[in-house]
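Below is one structure, written out as structure tokens; the observations come after it.
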Amino acid sequence: MFAGAMVAIVTPFKDGVVDETALRALVEFQIEGGTDAIIPCGTTGESATLSHNEHQQVVDIVIDAVAGRVPVIAGTGSNNTAEAIRLTQYAKDAGADGVLLITPYYNKPSQEGLYQHFKAIAESVDIPIVLYNVPSRTSVDMLAPTVARLAQLPNVVAIKEATGSMQRASEIVALCGPDFFLLSGDDFTFFPQMCVGGRGVISVTANIAPSLIAGIYDAFAAGQWSEAAAGHHRLQKLCTSMFLETNPVPVKTSLAMMGKVEEEIRLPLALMTADTRSQLQQVLKEYELI
């Protein structure tokens, strides 16, 4: 359903509000760079600090700016099932091609609770659903058998898997079959996951280097595995730099250095320290991004 080099796009701010002009320009930058799908209002989009009105605004802007050229998969997850249903319904009505639903954070539901949460959303809104498992952020891990149960629901089509475990990735592919798409949630595991059956990535690094991320996927899809592997290894230092501090602080700082957004991040996240900022700047120069 959804495959390729996809971006978890940042939400640019200016003077405390969503910077629509910058966001539209970022969409064009992504499409020109070969990005296969755009995901607004994910973790990288600072969804946790967007108001409901801002969340809807960002989804609307991205859908309008994309204008059907690539799929838009709107982040609509919440640790409140009713709220996730409402956000998902809004995304469908706005014209999104699919939604990305994170596992409920803080509540720490059981595997049965996770199943019932996603089942309730899937049965309430008829739109393709991409599950999102990122235990480092949520303190809950959705195991492969639970993913397999959810994959039986007709509109649950994929998972963004961000444990970094190739064993987990292999289990999901084996249990869910070829019609269910495994997507990497980490730039570091993008290429390795494709080697065990993954279909692409929802990337942070693509925000600043879309053509480089797309190049890895395109080479792999064309059977040029050595070229894809070489691209993977070339990008490791750049990908690592995106996590010198908590995402999305480094990637937004990078985009500001590139002149694409204001250097504005919402509390409780803060601007980069002088030391990590200097490290990031040096890496961006090495990759000729600034």
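Annotation: aspartates and glutamates with alpha-carbon distance below 20 angstrom to K108 (same-chain offsets under eight excluded): E83, D141, E161. Cross-link reach is defined here as a Cα-Cα straight distance under 17 Å, omitting same-chain residues fewer than 8 places apart; for K14 the aspartates and glutamates meeting it are E46, E54, E262, E263, E264.
Given Cβ point charges of +1 (Lys, Arg) and -1 (Asp, Glu) and nothing else, what value in debye, to the nearest 20, does the dipole of the stretch 199-290 about its Cα centre take? Kindly include the intermediate steps, with their values, before the conclusion.
Numbers: 8 positive and 9 negative charges, 25 e Å.
It comes to approximately 120 debye.
In terms of its C-alpha gyration tensor, the stretch 1-44 has an oblate overall shape, because the principal axis ratio a/c (a ≥ b ≥ c, square roots of the eigenvalues) is not below 1.5 and a/b does not outweigh b/c. With a Förster radius of 22 Å applied to the beta-carbon distance between L143 and Q236, the computed FRET efficiency rounds to 0.20. Charge dipole (Cα centre; +1 on Lys/Arg Cβ, -1 on Asp/Glu Cβ; no other charges) of the stretch 1-139 amounts to roughly 400 debye. Ordering S51, V72, Q111 by the projection of their Cα atoms onto the charge dipole of the stretch 4-228, which places +1 on the Cβ of Lys and Arg and -1 on the Cβ of Asp and Glu, puts Q111 at the extreme positive end. Amide H to amide H distances under 5 Å link F13 with D19, E262, E264, where only residues 5 or more positions off or on other chains count and H is placed in the peptide plane. With the simple model of a label 7 Å out from the Cα in the direction of the Cβ, R86 to E28 spans 3.5 nm.
Quick one: which of 200-207, 137-144, 231-238 comes out on top by average Cβ neighbours within 10 Å, and what's the full order, highest first? Spell out each step's value before the answer.
On the way: 200-207: 28.5, 137-144: 19.0, 231-238: 16.1.
Per-residue Cβ counts within 10 Å, averaged per peptide and sorted highest first, yield 200-207, 137-144, 231-238.
If the segment from Q282 to T49 were pulled out straight at 0.36 nm per residue, it would be longer than the present Cα-Cα gap by 80.9 nm.
Treat every Asp and Glu Cβ in the chain as -1 and every Lys and Arg Cβ as +1, leave all other atoms uncharged, and give the resulting dipole magnitude about the Cα centre to the nearest 20 debye.
Using only the charged Cβ atoms, the result is roughly 480 debye.
Taking the Cβ-Cβ separation of V17 and E123 as r and a Förster radius of 30 Å, what is the calculated FRET efficiency to the nearest 0.05?
On the way: r = 36 Å, r/R0 = 1.19.
Here the calculated transfer efficiency is 0.25.
Pick out, from S139, P12, L26, the residue whose Cα sits farthest towards the positive end of the charge dipole of the stretch 1-149, with +1 on the Cβ of Lys and Arg and -1 on the Cβ of Asp and Glu. The residue sitting most towards the positive pole is S139.
Per-peptide packing, taken as the mean over residues of other Cβ atoms within 10 Å, places 257-269, 186-198, 146-158 in the sequence 186-198, 146-158, 257-269 from highest down.
Just so you know, all these numbers are worked out from the coordinates, no wet-lab data involved. Every value quoted in this text rests on a predicted model; they were computed, and no experiment measured them. Every residue, glycine among them, receives a Cβ derived from its backbone with ideal geometry; neighbour counts consider all protein chains shown.
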